[in-house]
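For reference, the structure is listed below as structure tokens.
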Amino acid sequence: MFSLDRFARDKLARLDAEALRRSPVASDRAGFPHVVQGGRRLLSFSCNDYLGMSVRREVIEAAVRATQRYGAGAGASRLVTGNSALHDALEDRLASAKGTEAACVFGSGYLANIGVLGVFAGPEDLVLVDDLAHACLMAGAQLSRAAVLRFRHNDAAHAADLLGRRRAHHRHALLVTETVFSMDGDRAPLPRLAALASEHDAWLMTDDAHGFATVPDDGSAVALRMGTLSKALGSYGGYCCASRPAIDLLKTRARSLVYTTGLPPAPLAAALAALDLIDADPDLAELPLRKARLFTDRLGIAEAASPIVPLVIGQADATLAASAQLREAGFLVTAIRPPTVPPGTARLRVAFCALHTDEDVIRLADAIGRAPWWTRGEATAQRDTACPAFS
Ligand SMILES: *Cc1c(COP(=O)(O)O)cnc(C)c1O
């Protein structure tokens, strides 16, 4: 045994003791919104496949055709020979969907964020990030070697205060947030942040991973509009939409674009097909939020602002127990624990999709309404104030 293995074993034991160990579970999503895990068929409220695109026949067929036509892999970096016609077509589609001059597709949303932040921020600069922003935004900010400050979640006044005190000490400043927060489901005050950015000559960057095709887009005043192909588009890959010069700079300087192989044809074609389906059926994108609102209404909690509804329980072990109880009733609602969310705010994160029927949603709400952890109001003291009340 290497000392490394002892380190790993001891660390895992500590995580086990705190109910914080996590591991991947084989999941068969072919029948989404049902997912089979360990031989059990569960109705999933944990996938980010908000429109069910990952299992749409047209999307799958587009991926198959692209693989047959262009091959399984890209063969090289996009800057060498890995840039297919599908990359260019998808970038045009994304730019026109967002109303920007141009777009750049990356290997994933994670790669997009670390690449974009590294190009537009450096050691002389300041990056202000919302306190609840996704791990890859934090990673990108840190990798950029800029001074990184967190502003209180959705608190534009706090961001204004930090900019007022610190902006003059730096060459450039970036103000970074999410349109829809991945673990909280609430939305950023974009008009106020955009005004703030313009007042202090800061560049506003939004991560639209959970907002694209699920909530109305109010990002027109945003300089850098990042997103992912892996959620409502049901595919894989990331992107950034911006002006032509900003995108041209990304394409020559973003390390997570230059030094990695281009996406294979299949996910590019799948994303294009999903965009076609969304354009052809404008009502589809309204369904996830409508389902989420049916759920919050049924439970009598604050109205959902997006397809994501957090039920904060507090402690990790209690949250795992609540998730296990729902699994017994046939529902997959994964427990989200630190460090994905702040300590003391472990939660069930309920994600709604267009394929859930109203009856599915009501059955889940009623199962939760009857659950002992819900009525007992366990750990309410640690509840985030933005989150639903446990009576
Ligand atoms: C999922 C997610 C990402 C990462 O996107 P991938 O394409 O899965 O790498 C980035 N930001 C947020 C807010 C996300 O939820």
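The values are calculated or read from the model by the stated rules, or taken from the named source; none is laboratory data. Since the model is a prediction, treat every value here as computed from it, not as a measurement. Backbone-built Cβ (ideal geometry, glycine too); neighbour counts: all protein chains shown. Remember, those area values only see protein heavy atoms, side chains included, never the ligands or the DNA or RNA. Shrake-Rupley method; radii C 1.70, N 1.55, O 1.52, S 1.80 Å.
Miscellaneous remarks
- For Phe331, the residues whose amide H sits under 5 Å from its own are Leu43, ignoring neighbours fewer than 5 places away on the same chain, with H placed 1.01 Å from N.
- Taking a straight line from the alpha carbon of Lys231, these lysines sit under 24 Å away, with near neighbours fewer than eight places off in the same chain left out: Lys98, Lys251, Lys291.
- Its Cα gyration tensor gives segment 154-205 an equivalent ellipsoid; the semi-axes, largest first and in whole Å, are 21, 10, 10.
- Cβ-based net charge around Lys98, under 12 Å, with every Lys or Arg adding one and every Asp or Glu removing one: -4
- Overall, the accessible surface of the chain at a probe of 1.4 angstrom is composed of carbon and sulfur to the extent of 53 percent.
- Accessible surface, 1.4 Å probe, highest first, among residues Tyr236, Tyr259, Tyr70: Tyr259, Tyr236, Tyr70
- Cα centroids of segment 280-335 and segment 38-89: 26 Å apart.
- Lys, Arg +1 and Asp, Glu -1 on Cβ, resulting dipole of segment 1-130 about Cα centre, debye, nearest 20: 740 debye
- Within the shell defined by Cβ-Cβ distances under 14 Å, the residues around Arg150 carry a net charge of -3, with Lys and Arg each +1 and Asp and Glu each -1.
- Centroid-to-centroid, using Cα positions, segment 139-158 and segment 3-23 are 30 Å apart.
- Our estimate of slack between Arg253 and Ala85, defined as 0.36 nm per intervening residue step minus the Cα-Cα distance, is 58.4 nm.
- Helices in the chain, meaning DSSP H runs of at least 4 residues, each add -39500 (n - 2.57). Divided by all residues, the mean residue ellipticity at 222 nm is -12500 deg cm²/dmol.
- Residue-count net charge about Arg171 - beta-carbon cut-off 11 Å; Lys, Arg +1, Asp, Glu -1: -2
- This model, with +1 at the C-beta of Lys and Arg and -1 at the C-beta of Asp and Glu, gives segment 180-287 a dipole about its Cα centre of some 620 debye.
- Equivalent-ellipsoid semi-axes of the chain, from the Cα gyration tensor, Å, largest first: 32, 27, 22
- With the whole protein complex present, Leu90 retains an accessible surface near 0 Å², based on a 1.4 Å probe.
- Cα centre as origin, Lys/Arg/Asp/Glu Cβ charges: the chain dipole, Debye: 1060 debye
- Volume of the convex hull of segment 115-164 (Cα atoms only), normalised per residue: 64 Å³.
- Over segment 159-315: Rg over Rh, Cα atoms, Kirkwood Rh: 1.01
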